[in-house]
Every structure is written in structure tokens, then in C-alpha cells.
1. Take the residues in the stretch 96-129 that are outside any loop (DSSP other than H, G, I, E, B) and of a type in the set (D, E, K, R); name whichever of them is modelled with the lowest pLDDT.
2. Looking only at the stretch 17-66, count every residue that is more than 22 Å from residue 85 (Cα to Cα), of a type in the set (A, V, I, L, M, F, W, C) and in contact (Cβ under 8 Å) with a residue 12 or more places away in the chain and tell me the total.
3. Would you check which residues across the stretch 1-19 are of a type in the set (A, V, I, L, M), at pLDDT below 90 and assigned to a helix (DSSP H, G or I) and list them?
4. Can you name every residue in the stretch 42-59 that is of a type outside the set (Gly, Ala, Ser) and farther than 17 Å from residue 4 by Cβ?
5. Which one is nearest to the chain's Cα centre (by Cα) among residues in the stretch 70-89 that are within 15 Å of residue 9 (Cα to Cα) and touching a residue at least 60 places away in the same chain (Cβ under 8 Å)?
6. When you look at residue 62, is it modelled with pLDDT under 85, out of contact with any Phe, Trp or Tyr (no Cβ under 7 Å at 6 or more places or on another chain), within 17 Å of residue 2 (Cα to Cα) and exposed (fewer than 14 other Cβ atoms within 10 Å of the Cβ), yes or no?
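The values are calculated or read from the model by the stated rules, or taken from the named source; none is laboratory data. Remember, it's a predicted structure, so these values are computed and weren't measured experimentally. For neighbour counting, all protein chains shown are included, and Cβ atoms are generated from backbone atoms with ideal geometry for every residue, glycine included.
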Amino acid sequence: MTVAKAEELIALTEQLAARVEADVKILNGSRPSALNPDDNDRTALTLLYGKAMAELKGPALAQLPPAVKTRLKAATERLRAGLKEQGRLIARFRHVTEGIVKAIADSVAAAQAPGVYAKSGSVVKPAAARAAALTLNQAV
């Protein structure tokens with residue numbers, strides 16, 4: 001790997017890290033819907049980064065000057081830290097979302113459950129069984 005290619009990789013890594021840090025800032029503001037899933041620039045940047053990393057091999061990396069290696073390691077650590085935080089926040093939002101969906105499904109299943117007679121003669125709703133997809137989506 002030449003020094004010019006390493007500089008390109010450092011620039012790509014820093015751009016990607018900046019993008020991930022921007023996502024983390026949005027997620028820290030509790031606005032996951034503000035993330036743009038159709039971000040073509042992010043996709044292109046990620047593909048370029050993957051291609052550049054695939055070109056990076058052990059012997060080529062060993063030939064780089066120490067200053068360039070240090071900058072590459074720093075940029076990579078920044079990216080890894082950002083990705084770790086982003087993954088943690090996305091997992092937190094996913095957990096909350098799954099809880100909301102489960103609560104709604106349980107509520108729908110309980111509302112659709114037929115009443116049964118108790119020993120006293122009154123009509124009682126039984127405890128809701130775990131809802132399945134077909135119990136919630138009656139359009140199937």
C-alpha cells in the first residue's frame with residue numbers, strides 16, 4: 001500500500017467516523033426517526049471504505065511510515081468507538097420498540113379474546129395468551 005492510498009484510507013475512515021458520530025448525536029437526542037435510511041452518500045462511503053480496507057494487507061501496512069500508521073490507527077479507533085456507541089444506542093431503541101410492539105400485541109389479543117363464565121356466573125376475560133402474528137393481522 002502506498003502512502004497516497006493510506007492517506008485516502010485515513011480520509012475515508014475520518015469521514016465515516018464523522019458520519020457515525022453525527023448519527024450518535026441524533027440518537028443521543030432520542031430522535032432515531034431523524035436518521036436517514038436512504039442515505040446514498042453513506043452507502044457509497046461505506047463501500048469505498050470496505051474496498052480500501054480489502055486492499056490493506058500486512059506486508060503493505062508494514063511498509064508505511066510510522067506517522068501514517070499512527071494516524072491510521074487513531075482514525076480507526078475513532079471509527080470503532082463511534083460504531084460501538086451507535087450499536088449500543090440502536091440496541092437500546094430496538095429494545096424499547098420491541099417492548100412497545102409486544103404491549104400493543106398483548107392488548108389486541110386481550111381485546112379479541114372471548115369472555116368466559118366464572119363460577120359466580122359473571123363473564124370474565126381470560127388472561128391473554130401470547131399473541132401470534134395471525135391473531136393480529138386478520139387481513140391474511
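1. Quick first cut of the stretch 96-129, residues outside any loop (DSSP other than H, G, I, E, B) only: 96-112, 116-117, 123-124.
Going one step further and asking which of them are of a type in the set (D, E, K, R), we end up with 98, 102, 106.
On the way: 98: 87, 102: 85, 106: 78.
Looking at residues that are outside any loop (DSSP other than H, G, I, E, B) and of a type in the set (D, E, K, R), I get 106.
2. Here the count works out to 6.
3. Keep residues of the stretch 1-19 that are of a type in the set (A, V, I, L, M), which gives 1, 3-4, 6, 9-12, 16-18.
Among the residues that remain, those that are also at pLDDT below 90 are: 1, 3-4, 6.
Answer for the stretch 1-19, where residues must be of a type in the set (A, V, I, L, M), at pLDDT below 90 and assigned to a helix (DSSP H, G or I): 3, 4, 6.
4. From the stretch 42-59, those of a type outside the set (Gly, Ala, Ser) are 42-43, 45-49, 51, 53, 55-57, 59; that's our starting set.
Passing the criteria: 42, 43, 45, 46, 47, 59.
5. 79
6. Numbers: modelled with pLDDT under 85: yes; out of contact with any Phe, Trp or Tyr (no Cβ under 7 Å at 6 or more places or on another chain): yes; within 17 Å of residue 2 (Cα to Cα): yes; exposed (fewer than 14 other Cβ atoms within 10 Å of the Cβ): yes.
So residue 62 passes the test.
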